[in-house]
1. For D300 and R211, FRET efficiency with R0 = 41 Å and r from the beta-carbon atoms, rounded to 0.05?
2. Go through P46, F210, N241 and say which Cα lies farthest out towards the positive end of the charge dipole of the stretch 5-345; charges sit on Cβ, +1 for Lys and Arg, -1 for Asp and Glu.
3. For the stretch 35-192, which whole-number percentage of the solvent-accessible area (1.4 Å probe, protein heavy atoms only) is attributable to carbon and sulfur atoms?
4. Projecting each Cα onto the charge dipole of the stretch 231-349 (Lys/Arg +1, Asp/Glu -1 at the beta carbon, about the Cα centre), which of I274, L326, L344 comes out farthest on the positive side?
5. For the stretch 248-293, what does the relative contact order come out to in percent, with C-alpha contacts under 8 Å and a separation of six or more?
6. Could you sort the peptides 216-222, 340-346, 3-9, 287-293 by per-residue average Cβ neighbour count (10 Å cutoff), highest mean leading?
7. Choose one of F167, G182, P66: the residue whose Cα lies farthest towards the positive end of the charge dipole of the chain (beta-carbon charges +1 Lys, Arg; -1 Asp, Glu; about the Cα centre).
8. Tell me, what ³J(HN,Hα) does each residue in the stretch 96-112 have, in order and in whole Hz, if you take phi through Karplus 6.51 cos²θ - 1.76 cosθ + 1.60 with θ = phi - 60° and put x for Gly and Pro?
Amino acid sequence: MSPDTLTLARPDDWHLHLRDGDSLAAVLPDTARRFGRAIVMPNLLPPVRNVDDAMAYRGRILASLPAGMRFEPLMTLYLTEATTPADVRAAKASTHVHAVKYYPAGATTNSQSGVTDLARCDAVFEAMQEIGLPLLLHGEVTDADVDVFDREAVFIERHLQRLVDAFPRLKIVLEHVTTREGVDFVTSARPGVAATLTAHHLLLNRNALFRGGLRPHAYCLPVVKRERHRQALMDAATSGNPRFFLGTDSAPHAKSAKESGCGCAGIYTAHAGIELYAEAFDAAGAIDRLEAFASFHGPDFYGLARNTETITLTRQPWQVPDELPLGAVALVPMRAGETIGWRLQDTQA
Ligand code: DOR
Ligand code: ZN
């Protein structure tokens, strides 16, 4: 029987969408209550392309933080085919930009400015390798002839293997890994290759998309996969292997944008950003492995200090609201109207 109370070093979220403006103000407290820091994704409209954009966005995030809350946004740049080695050097020199994010053009929310041919970015990757700035990958191909469920596996074959070999000292994170192929690749890759795992990919398989009808709130990218893949993700998360760490990919969208004839990709999990992982680890009998996954492996990979504060979780079911405010509109959080088995004891207001 695992304990009913768990105190762990304050975790960090190594993959987060905070958006901007009213949406930013609405979602930021959920993350800041739980996590000390977060890697903030740059897929705004227009995207965060250079150090000036990143510093301005960082300022808006800090200005949105409620008084008395502590939280450190770790900024990223959005890789485009116009990104230069000078851009990434300036970003690194700022000390506030911690990575560069690759989106294949057209892959997901606000990815219109993404990259169509990775080889065009080789000079930028060379510079990132030299200065020690990690490359974060949305690891999917977008070719119309590739099955949606195979996009990650094909990305690994066609692109990831080459990147890992061609830039042997480049730090690479396969973000939101969703397949057994992804887990196997990262597990056996050279040092400096890691992956983040979302709570929703640990908890859901693709049946969730069709439970009693079409479920737009279970739709994200990469799309949730078969049960055998979910099991591989759980094994990786609970293995103790430092290459795997927490990244929620919490992605708020208005309810109306999800419940639509062409619904947006993204699942909002920040309201239970650590509790959902606790539930998944507990179900696997591995709650004792949560702290390293959530609080140690990420900062170790990024070369940052581990957090010294702690948070406490209790095994105490609570009901998730049907909706949460998102500025003037509403979002539907993961598990809306249902219960979550672990609760956060609040320390920040
Ligand atoms: O489901 C997703 N939502 N996947 C992404 O890659 C982007 C994200 C978003 O920004 O909404
Ligand atoms: Zn994301």
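The values are calculated or read from the model by the stated rules, or taken from the named source; none is laboratory data. Everything numeric here is computed off the predicted structure, so don't read it as measured data. Note that we place each Cβ from the backbone using ideal geometry, even for glycine, and neighbour counts take in every protein chain shown. We work out accessible area using only protein heavy atoms, side chains counted, and drop any ligands, DNA or RNA first. Shrake-Rupley method; radii C 1.70, N 1.55, O 1.52, S 1.80 Å.
1. Working: r = 37 Å, r/R0 = 0.91.
Calculated transfer efficiency: 0.65.
2. Farthest towards the positive pole: N241.
3. Values: 3160 of 6150 Å².
C and S fraction of accessible area: 51 percent.
4. With unit charges placed on the Cβ atoms, the residue in question is L326.
5. On the way: 33 pairs, mean separation 14.6, N = 46.
32 percent.
6. Top to bottom by mean Cβ count within 10 Å: 216-222, 287-293, 340-346, 3-9.
7. P66
8. 9, 9, 10, 5, 10, 9, 9, 10, x, 3, x, 6, 7, 3, 6, 9, 4
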